[in-house]
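Novice: To start, I am sharing the structure in question, which I have written as structure tokens.
Just so you know, all these numbers are worked out from the coordinates, no wet-lab data involved. None of the values given here were measured: they were computed from a predicted structure. Please note: Cβ atoms are built from the backbone with ideal geometry, for glycine as well, and neighbour counts cover all protein chains shown.
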Amino acid sequence: MSTGLIFGSFDPPHLGHLLLAKSALSVVDEVKFIPAYQNPFKEHNASFETRCNMLERLIDSYPSLCENIGICYIEGIVNDRYQNTYTYKVLEEIHKILDNVYIIVTEETLKEIPKWKNSQWILDNSKFILVNRTSWDNYNANIEYDISSPFNLDIHSVHIRQMIKFGGNPCPFIPESVYTIIKKRGLYGYSNTI
């Protein structure tokens with residue numbers, strides 16, 4: 001069985017994440033989201049537990065779209081074991097239990113990998129699925145699949161956070177169940193007085 005992995009902060013998770021996963025299911029049997037316990041390049045607005053809960057709600061909201069799509073909570077386990085959650089450590093643990101693993105990325109993410117801890121190890125020991133390539137750079141990565149998504153993936157968490165902060169309604173980019181969590185916890189500058 002082949003497994004595609006999508007690493008991310010998912011702060012908040014949105015429909016673009018699901019569409020990225022759905023696109024990759026054209027070349028792998030299953031896709032697992034790997035929420036970052038702590039992304040060293042971003043400050044999280046929501047806790048790891050809250051982001052995982054929102055990701056669960058996102059998947060539950062689209063059952064027909066999410067067949068063979070799930071969540072892997074390994075970053076919490078790795079953090080407890082090593083007191084950090086660098087991607088290379090997470091991948092080492094995943095490779096102990098899964099054989100045929102691919103990292104699903106867009107060009108934006110692939111360009112960021114050289115900044116990651118032990119990035120060369122990640123590039124040397126991983127197979128990639130690149131979705132919606134716009135240039136022909138090989139990124140020094142083992143790109144096994146280069147696929148085009150039939151979906152518009154130009155949805156970003158930062159735009160959803162800004163929309164919420166300024167009183168906009170982020171639905172349909174996120175389901176109402178995720179927005180309910182955001183409202184209840186007052187995340188991303190949400191205020192019911194806006």
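Novice: Under 28 Å Cα-Cα from Lys22, which lysines qualify once same-chain neighbours fewer than 8 residues away are excluded?
Specialist: Correct list for Lys22: Lys32, Lys42, Lys89, Lys96, Lys111, Lys115, Lys127, Lys183.
Novice: For segment 1-114, what's the relative contact order in percent, using C-alpha pairs closer than 8 Å and at least 6 residues apart?
Specialist: Reported as a whole number, the value is 35 percent.
Novice: Here's another thing I want to ask about it. So what is the calculated 222 nm ellipticity per residue for the chain, using -39500 (n - 2.57) for each DSSP H run with n of 4 or more, over all residues, to the nearest 500 deg cm²/dmol?
Specialist: Working: 8 runs with 75 residues, N = 194.
Computed ellipticity for the chain at 222 nm equals -11000 deg cm²/dmol.
Novice: Would you mind checking which residues have amide H under 5 Å from Ile103's amide H? H placed 1.01 Å from N; only 5 or more apart, or other chain.
Specialist: Those lying under 5 Å, H to H, from Ile103 are Leu5, Lys127, Phe128, Ile129.
Novice: Along segment 153-169, what does the Karplus equation 6.51 cos²θ - 1.76 cosθ + 1.60 (θ = phi - 60°) give for ³J(HN,Hα), rounded to whole Hz, x for Gly and Pro?
Specialist: After applying 6.51 cos²θ - 1.76 cosθ + 1.60, I find 9, 7, 10, 10, 4, 4, 5, 5, 4, 5, 4, 5, 4, 9, x, x, 9 Hz.
Novice: With the crude spin-label approximation of a point 7 Å out along Cα→Cβ, what separation in nm comes out for Ser148 versus Ser26?
Specialist: Those two pseudo-labels are separated by 0.9 nm.
Novice: Now, a different point. Please sort 140-153, 39-52 by packing, taking for each peptide the average over its residues of neighbouring beta carbons within 10 angstrom, highest first.
Specialist: In descending order of packing, they fall as 39-52, 140-153.
Novice: Then there is this: Using alpha-carbon pairs under 8 Å, 6+ residues apart, how would you state the relative contact order of segment 123-194 in percent? If you can, show how the numbers build up before the last one.
Specialist: Numbers: 64 pairs, mean separation 16.6, N = 72.
Computed over segment 123-194, the figure is 23 percent.
Novice: Another question, if that's okay. Using Cα atoms only, what is the angle between the long axis of helix 15-24 and the major principal axis of the chain, expressed in degrees (0 to 90) to the nearest 10?
Specialist: The two axes meet at around 20 degrees.
Novice: Which of the peptides 3-15, 99-111 is most tightly packed, and how do the rest follow, judged by the mean count of other Cβ atoms within 10 Å per residue?
Specialist: Order by mean packing, descending: 3-15, 99-111.
Novice: OK, next. Applying the Karplus parametrisation 6.51 cos²θ - 1.76 cosθ + 1.60 with θ = phi - 60° to the phi angles of segment 54-68, what ³J(HN,Hα) value in whole Hz is obtained for each residue in order, glycine and proline being reported as x?
Specialist: Once θ is set to phi - 60°, the couplings for segment 54-68 become 5, 5, 4, 5, 4, 5, 5, 6, 10, x, 6, 6, 9, 4, 6 Hz.
Novice: Most mobile of Ser26, Ser135, Ser119 per a Gaussian network model of the chain (Cα springs, under 10 Å)?
Specialist: Of Ser26, Ser135, Ser119, the Gaussian network model singles out Ser135 as fluctuating most.
Novice: A follow-up question, please. Taking 0.36 nm per intervening residue step and subtracting the Cα-Cα distance, what contour gain separates Trp121 from Ser177 on full extension?
Specialist: Working: separation 56, 0.36 × 56 = 20.16 nm, distance 3.83 nm.
Separation in residues times 0.36 nm, less the Cα-Cα distance, equals 16.3 nm.
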